[in-house]
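**Student:** One structure follows; several queries about it will come next.
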Amino acid sequence: MSDISQGAYADPNETPPMVQAIPLGFQHVLAMFASNVTPSIIVAGAAGLAFGGPEQVYLIQMAMLFAGIATLFQTIGFGPVGARLPIMQGTSFAFVGVLAGVAATQGMGVALTACLIGGTLHFCLGAFIKSLRWLFPPLVTGLVILAIGLYLIPTAIKYAAGGAADFQMAAESFGSLKHWAVALTVVVVALAVKFFAKGSLSNSGILIGLLAGYVLAFILGMVNFAAVGKAAWITGITPMPFGFEFNLGAVIAVTLVCVVSAIETVGDTSATTKAGAGRDATDDEIAGATYADGLGTAVAAVFGGLPNTSFSQNVGIVGMTGVMSRHVVTIGGLVLIVCGLLPKIGAVIASMPLPVLGGGVIVMFGMVAAAGLNVLTEVKMNRRNMVIIAVALTAGLGLNLVPTAVQYLPGVLSTLATSAVAPTALVAVVLNLVLPEEI
């Protein structure tokens, strides 16, 4: 919105005229929409849910609905919950690796139960988040984010080639030129729009790339609209749609990622106040953001939604526009809620062929790894820190790539050891505490 000067609405309680506020709210939705629904599609696929089927469509609906609700927790708030800042919430990629593994081996019931418990513990972190920050300096958080991105990259390639399930990789069409033509169209269009367009169009690069790939896939006869026709226009939501199934290993793994997510939210909260108002975030804002993060995750899990967290790309929009109004982001949250209550929208998204999604996640998962590297640029690369990086990544990614190396560990420990994220975080935290600083 070029007519809004930098910092013109630096007070979170101010609201631009609705003729400007509504487009700005939609811009926040467009910037995060593709990233918000993608984790649900991937975890549903790992769980063996039918691609385009009603259960997958439902998970996509919940991703939209509870991203909107969690956003309102942040922007409107109640009691200590919510930063009351323009922070957009969405389904977190950080949890995809752990949840895909749990869903594949133990089912969605176990995965969502772990999210419910992990989200509740995440909520409790709000009471003492500032006192925990010293355990997660940039060295640790950067390593964990990098490990998440590196763990997810093979999944992106598999989706681009035709799918990550065994039967999809065994199909004759896996890796076909048709699949790669669609996936690369998404990548090329997304990058072209991102770097050669401006404003809200540039922020929607991934979404526009996905639409371009979707159109090409339709022309090539790869799109099936049968599920769209069967989907209802409006539907309700179901508590614990996959049941309540407790598994200690899954809970520990998800909770560890929740801690990392909480630290990321602290960073996003601080970045939002710096970008939009030129000040540091207050203790109440940081605590409120953490409470909202955890509550959003726990409530979403009750109804089949994956964990929510603050979206960094939307922090960038605040910095770009200079509009700090929390009410603008509230509009974005309301748009997501409406989308989540319309199964037709979820069914259209679920009809997206896997190579289209693969092209999008090649960029998105790569950006997760790049975000980790960006955090690590704050770290002095001396011998001590390089050893921590080397050992933590080797432990996390190595055990994940060779799970039989720990096949004799008890179930809980085996789940944690092969999750990529948990061993990386644990090794990084421990070594950072015990290895002496280099002089």
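The values are calculated or read from the model by the stated rules, or taken from the named source; none is laboratory data. It should be emphasised that the depicted structure is a prediction, and the values quoted were computed from it without experimental measurement. Reconstructed Cβ throughout: ideal geometry from the backbone, glycine too, with neighbour counts over all protein chains shown. Quick note on the areas: whole protein, heavy atoms, side chains included, nothing else; ligands and nucleic acids left out. Shrake-Rupley method; radii C 1.70, N 1.55, O 1.52, S 1.80 Å.
**Student:** Within the chain, what's the longest run with no GluC sites (Glu not before Pro) in a DSSP loop and at most 15 other beta-carbon atoms within 10 Å? Give the range, please. Write out the running numbers ahead of the final one.
**Tutor:** Numbers: sites that count: E14, E172, E378, E437, E438.
Longest gap between qualifying sites, sites excluded: 173-377.
**Student:** Another question, if that's okay. Got a number for carbon plus sulfur as a percent of region 395-439's accessible area, 1.4 Å probe? Let's see the in-between values first.
**Tutor:** Details: 1830 of 2530 Å².
Summing carbon and sulfur atoms, their accessible area is 72 percent of the total for region 395-439.
**Student:** Putting +1 on Lys and Arg Cβ atoms and -1 on Asp and Glu Cβ atoms, find which of G162, Q89, M324 reaches farthest to the positive end of the dipole of the chain.
**Tutor:** G162
**Student:** Roughly to the nearest percent, how much of the accessible area of region 186-315 is carbon and sulfur, given a 1.4 Å probe? Please report the intermediate quantities before stating the final value.
**Tutor:** Values: 3790 of 5580 Å².
It is 68 percent, rounded to a whole number.
**Student:** In addition: Kindly sort D166, D11, D280, D293 by accessible area of their heavy atoms, largest first, with the probe set to 1.4 Å. Provide the component values of the computation, followed by the final result.
**Tutor:** Values: D166 125, D11 65, D280 105, D293 0 Å².
Order by accessible area, largest first: D166, D280, D11, D293.
**Student:** How big is the Rg/Rh ratio for region 210-276, C-alpha atoms only, Rh by Kirkwood, two decimals? It would help to have the intermediate numbers written out before the result.
**Tutor:** On the way: Rg = 20.7 Å, Rh = 17.4 Å.
Rounded to two decimals, Rg over Rh is 1.19.
**Student:** Run the dipole for region 276-414 about the Cα centre, Lys and Arg Cβ at +1, Asp and Glu Cβ at -1, nothing else charged, and hand back the magnitude in debye, nearest 20. Please report the intermediate quantities before stating the final value.
**Tutor:** On the way: 6 positive and 6 negative charges, 73 e Å.
Charge dipole, region 276-414, about its Cα centre: 360 debye, nearest 20.
**Student:** How long is the gain from L373 to W134 if the chain were fully straight, where each residue apart is worth 0.36 nm and the alpha carbon distance is subtracted?
**Tutor:** Details: separation 239, 0.36 × 239 = 86.04 nm, distance 1.97 nm.
Gain on extension, L373 to W134, equals 84.1 nm.
**Student:** Identify the residues of region 253-267 with backbone N under 18 Å of a label point that sits 7 angstrom from the Cα of A104 along the Cα-to-Cβ direction, or state none.
**Tutor:** Within reach of a label on A104: 253-254.
**Student:** Same structure, new question: Rank these residues by their accessible area, most exposed first, probe 1.4 Å: K178, K380, K344, K198.
**Tutor:** Values: K178 95, K380 145, K344 30, K198 175 Å².
From most accessible down to least: K198, K380, K178, K344.
**Student:** Helix-derived [θ] at 222 nm for the chain: sum -39500 (n - 2.57) over DSSP H runs of at least 4, divide by residue count, nearest 500?
**Tutor:** On the way: 20 runs with 304 residues, N = 439.
Rounded to the nearest 500, it is -22500 deg cm²/dmol.
**Student:** Can you tell me the accessible area per residue over the chain, all protein chains present, probe 1.4 angstrom, in square angstrom? Don't skip to the answer; put the middle values down first.
**Tutor:** Numbers: 17430 Å² over 439 residues.
Dividing the accessible area of the chain by its residue count gives 40 Å².
**Student:** Where the centroid of each part is defined by its Cα atoms, how far is region 381-429 from region 98-145 in Å?
**Tutor:** Answer, in whole Å: 16.
**Student:** Right, another one. May I ask which residue of G294, S310, I337 lies farthest towards the positive end of the charge dipole of region 274-408, with charges of +1 (Lys, Arg) and -1 (Asp, Glu) on Cβ and the Cα centre as origin?
**Tutor:** Farthest towards the positive end: S310.
**Student:** Further question: Percent relative contact order of the chain, based on C-alpha pairs within less than 8 angstrom and at least six residues apart? Please report the intermediate quantities before stating the final value.
**Tutor:** Working: 897 pairs, mean separation 151.1, N = 439.
Relative contact order comes out at 34 percent.
**Student:** Additional query: Taking 31 Å as the cut-off for C-alpha to C-alpha distance, list the pairs among K178/K230; K158/K274; K198/K230; K194/K344 that go past it. Each step should come with its number before you reach the end.
**Tutor:** Working: K178/K230 28 Å; K158/K274 39 Å; K198/K230 38 Å; K194/K344 28 Å.
Violating the 31 Å limit, Cα to Cα: K158/K274; K198/K230.
**Student:** A further question follows. Rounded to the nearest 20 Debye, what is the dipole magnitude of the chain about its Cα centre when Lys and Arg each give +1 and Asp and Glu each give -1 at the C-beta?
**Tutor:** Working: 15 positive and 17 negative charges, 98 e Å.
The dipole magnitude comes to about 480 debye.
**Student:** Checking understanding here: applying a Kyte-Doolittle mean of at least 1.6 and a length along the axis of at least 24 Å (C-alpha), which whole DSSP H helices in the chain pass? If you can, show how the numbers build up before the last one.
**Tutor:** Details: long enough: 18-46 (43 Å, 1.25); 54-75 (31 Å, 0.94); 108-125 (25 Å, 1.74); 138-161 (35 Å, 1.70); 177-196 (27 Å, 1.84); 248-277 (43 Å, 1.26); 283-302 (29 Å, 0.48); 354-376 (32 Å, 1.98); 383-401 (26 Å, 1.18).
Flagged H segments are 108-125, 138-161, 177-196, 354-376.
**Student:** Oh, and also: So what is the relative contact order of region 135-205, in percent, for Cα pairs below 8 Å that sit 6 or more residues apart?
**Tutor:** Details: 38 pairs, mean separation 12.0, N = 71.
RCO, region 135-205: 17 percent.
**Student:** Would you list M62, M169, M386, M222 from the most to the least accessible area, probe 1.4 Å?
**Tutor:** On the way: M62 0, M169 65, M386 105, M222 40 Å².
My answer, sorted largest first, is M386, M169, M222, M62.
**Student:** Residues of region 151-185 with the amide nitrogen closer than 13 Å to a label point 7 Å from the Cα of L401, along Cα-to-Cβ, please.
**Tutor:** The answer is 151-154.
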